[in-house]
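The values are calculated or read from the model by the stated rules, or taken from the named source; none is laboratory data. Predicted model, so just to flag it, every value in this text is computed and none were measured. As a convention, Cβ positions derive from the backbone with ideal geometry for all residues, glycine included, and neighbour counts pool all protein chains shown.
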Amino acid sequence: MGYLMTLFEKIIARQIPAQIVYEDDLILALRDIKPEAPTHILVVPKKPIPRIAEASAEDHKVLGHILLKAAEIAKKEGLSKGYRLIINNGPDAGESVPHLHCHILGGRKMSWPPG
């Protein structure tokens, strides 16, 4: 049985089209196809890390990069009134793709607690 690529790996490999808003050597950021807010962007590491609980100490650079770039992207998107960053870990948290990614949600008032 061969390795099955995740949806995000296929997007990174340009096998599936996406509306990419940012890319560098470590990450790719794209607009979510089912947005939960007026602005809903996913920041995805190019290295396939299944979820945050499976990240290792060697992943610290990319993990920090995801958060710093998410803040830059949010600023570029005009989310000056605020935004939410979300990383789901496991099916009970809402994880739908087993490839770590950070959601940037903004453009509307967020409630607490979420979901």
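Below, the figures for the structure above:
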item: Qualifying residue in region 45-54 (condition: farther than 15 Å from CYS102 by Cα, loosely packed, with under 11 Cβ neighbours inside 10 Å and in contact (Cβ under 8 Å) with a residue 12 or more places away in the chain); result: no
item: Options PRO113, PRO98: the member that is surrounded by 12 or more Cβ atoms within 10 Å (Cβ to Cβ) and modelled with pLDDT under 95; result: PRO98
item: Candidate set: region 80-111, residues that are of a type in the set (A, V, I, L, M) and touching a residue at least 12 places away in the same chain (Cβ under 8 Å); chosen: the one nearest to THR6 (Cα to Cα); result: VAL97
item: Check on ILE66, surrounded by 13 or more Cβ atoms within 10 Å (Cβ to Cβ), touching a residue at least 60 places away in the same chain (Cβ under 8 Å) and either of a type in the set (Val, Ile, Thr) or in contact with a strand residue (DSSP E or B) (Cβ under 7 Å, 6 or more places away or on another chain) (or both); result: no
item: Of the criteria (1) at pLDDT 95 or above; (2) out of contact with any helix residue (DSSP H, G or I) (no Cβ under 8 Å at 6 or more places or on another chain), which one ASP24 fails; result: (2)
